[in-house]
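The values are calculated or read from the model by the stated rules, or taken from the named source; none is laboratory data. Not measured: the values here are computed from a predicted model. Cβ placement follows ideal geometry from the backbone for every residue including glycine, while neighbour counts extend to all protein chains displayed.
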Amino acid sequence: MRDGNIGRRKNRSYRKVGSVAALTTALLLSPALVENAFAFKIFGITLFGDNDDTLEVIDPVRYDATLDTGDADKKLKERLETAASLVNDEEQPVSGDLGVVIKAREDRERLVAVLYEEARYGGTVQISVAGTDIDALPPTPTFDHAGPVPVTVRIVPGPIFRLGSIKFEGDAAGRNPADYDLEPGGEAGSRLILKAGEQLVADIKKEGRPLAKPTQRQVVADHRSQTVNVTLGAVGGPVAPFGVVTVKGARDVDAAFISRYSRLDKGGRYSPEQLKKASDRLRELGVFSSVTIQEADSLAPNGSLPLMIEVSEGKFRYFGFGAEYSSLDGAGVTGYWGHRNLFGEAESLRVEGAVSGIGATTDVTTFDYSAAIIFTKPGAFVPEATFESRLEAKSETPDAYEAQSITYSASIAYELNETDKLTGGGEVAYITTDDVFGENEYLTFSLPISFDRDTRDNKLDPTQGYHATLSAKPSYEAFKGNVFSSFEGSISGYLGLGEEDGVVLAAKLAAGTLVGTNVLEDIPATRRFHLGGGGSVRGYTFREVSPYNSENEALGGLSYGLGSFEVRVKVSEKIGIVPFIDVGSVSTEIVPDFSDIRAGAGIGVRYATPFGPLRLDVAIPLRRYDGGSQFGIYAGIGQAF
């Protein structure tokens, strides 16, 4: 048990009590992001520019619309009210008397479509303008403008129709309608039937038949039995491989590289999934603002399917900055500059730097500094390989230690398949530390290797799948002449429940060990294990969870175990609530003995954005250290894990 002593560097500001992980806001100033932008909004608030574009209406006519949805249930009523633009746009005048009629006719089609989608094939939609049905109005109507023109929308939903007979014909024959959510007695919504027809063609294409297309879609409603009989047909065409790949729109990015990196030029069997993955792969390079892969309408003489990759290049150079602030840890600033197409094959160069801890003390030597230069070459040697070279310098001053380091690393990441990736390389690091063991310097040579399997459906906000990693980092420390290796593994899993995954159960387990020496002093402080902070045990400050000696000085550990559990609940389309608990332990043994287990629990808020959920978590330590953190607030983009 730790006592109230705050540790060996008593002249430093103690930053654990009520620690707040800073909320970071990064504003990318890339021209590609701001070009042709007339207004900028965040969370619905206009920061600059005009809030709305104004459009002048010629011969404006105002109207007053009423909507009667009859005996529609709550769900159907809400859908009809949403689709009724006559009601929703009532404050916006239309152009001329004919404009009222045109809007009414469009609304009728829209409302009838909603009834069909809800299997209400016997329903009716009647719209009258100034007391006259729109079908009885003259071609050029004239209304009294003494006041708003009265418009009445009356809907009789009618009964729900059920599916009757279901037939698949042509190359779709023999398939089970139940696999397409079509079963006799089920609701006969039009959207369900259309989706089934599209899925039939998609499934035939998955068999390697690129020319598959629908041939028949017959939907007959029997109003006496209130059933719908469905006949769907499709033709598959021949099985074909991918053929010649041409590239259109490339100017500064090499067209041959684009074709090669897409991996469509290998002549494999046609697959819609491979087309999507190729498109995603090219987008992830960051050099294109758009990517479209077009299939030929017919096969080439050799029976293959020609493809054309059409790209639009974006801005290659970019820069940005970020800022953060914590009432206890002070302020931090980051900045970076990059080039996404250095030599014409999407090679990227990024230069970045950061300073944090500003204001926590007045001593600039206690600030944290980092700077790095990163070069990345996709498609190195083979399309599946990515080369990365990194030179990084750091000065770190957490409460557990002070460290300065210069590290150079080079690695190759190879994609084994669609979910698995193997990475290996070399690293050399010079490190000086000042910690519980005094001042030491280290020169380490390492050969890191890792395996990564990722089946998540979304990396920033997963609802299904899992992500597993295994890594090893054998190292030789030259000054002391000792060999040690770190081994780490983690797995996180996700299970969505309910309609549209309204509740997601998420869990993560991780563990690590350092072997080769039992002498902590022989291992740099930056390589020993600590927990605490937004990435591990929330409620504790960064690297607070650690073994401590009798003088209340953090030692770091040779092993750790970690578990995190969350229930992610959507309360609206944009807002989510996440109760969570994190449990971890760090030990001086090579196998965790769990003699000192620390846990943090709390609740978080998520706000959905196009680039991933914004995260804000508040946590308290369930076993607080004496003099340690009382709570933690953590913010970021994407889920915690």
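Residue count for the stretch 422-436 satisfying the condition of being farther than 14 Å from Asp399 by Cα and either touching a helix residue (DSSP H, G or I) at 6+ places or on another chain (Cβ under 9 Å) or not acidic (Asp, Glu) (or both): 10. Summed over the stretch 588-606, residues that are surrounded by fewer than 13 Cβ atoms within 10 Å (Cβ to Cβ) and among the hydroxyl-bearing types (Ser, Thr, Tyr) total 1.
Here Ser289 fits the description: more than 19 Å from Pro238 (Cα to Cα), in a strand (DSSP E or B) and hydroxyl-bearing (Ser, Thr, Tyr). Consider the stretch 434-489 and keep the residues that are within 15 Å of Lys508 (Cβ to Cβ) and among the aliphatic types (A, V, I, L, M). The one that is surrounded by the most Cβ atoms within 10 Å (Cβ to Cβ) is Ala468. One residue is enough: does the stretch 243-255 have a residue meeting the conditions assigned to a helix (DSSP H, G or I), surrounded by fewer than 16 Cβ atoms within 10 Å (Cβ to Cβ) and outside the structural domain of Arg175 (by TED's automatic domain parsing)? Checked against the condition, which is being assigned to a helix (DSSP H, G or I), surrounded by fewer than 16 Cβ atoms within 10 Å (Cβ to Cβ) and outside the structural domain of Arg175 (by TED's automatic domain parsing), the stretch 243-255 yields no hits at all. Which residue is modelled with the highest pLDDT, if the candidates are limited to the stretch 367-385 and must be surrounded by 15 or more Cβ atoms within 10 Å (Cβ to Cβ) and among the aromatic types (Phe, Trp, Tyr)? My answer is Phe375. For the stretch 75-112, residues that are surrounded by fewer than 21 Cβ atoms within 10 Å (Cβ to Cβ) and not in a helix (DSSP H, G or I) total 6. Only one entry of Arg538, Arg527 meets the criterion of being within 23 Å of the chain's Cα centre (by Cα) and not acidic (Asp, Glu), and that entry is Arg538. When residues in the stretch 326-342 are screened for being within 18 Å of Ala354 (Cα to Cα), modelled with pLDDT of 85 or more, crowded, with 17+ Cβ neighbours inside 10 Å and touching a Gly at 6+ places or on another chain (Cβ under 7 Å), 2 of them pass.
Yes or no, residue by residue, for (1) of a type outside the set (Lys, Arg); (2) surrounded by 17 or more Cβ atoms within 10 Å (Cβ to Cβ); (3) touching a residue at least 40 places away in the same chain (Cβ under 8 Å):
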{"residue": "Thr365", "(1), (2), (3)": "yes, no, no"}
{"residue": "Phe387", "(1), (2), (3)": "yes, yes, no"}
{"residue": "Pro398", "(1), (2), (3)": "yes, yes, yes"}
{"residue": "Glu415", "(1), (2), (3)": "yes, yes, no"}
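Considered as a group, the residues in the stretch 258-280 that are not small (Gly, Ala, Ser) and not in a helix (DSSP H, G or I) include one that is nearest to Glu347 (Cα to Cα), and that residue is Arg263. Scanning the stretch 490-523 for residues that are outside any strand (DSSP E or B) and within 17 Å of Gly556 (Cβ to Cβ) yields Gly516, Thr517, Asn518, Val519, Leu520, Glu521, Asp522, Ile523.
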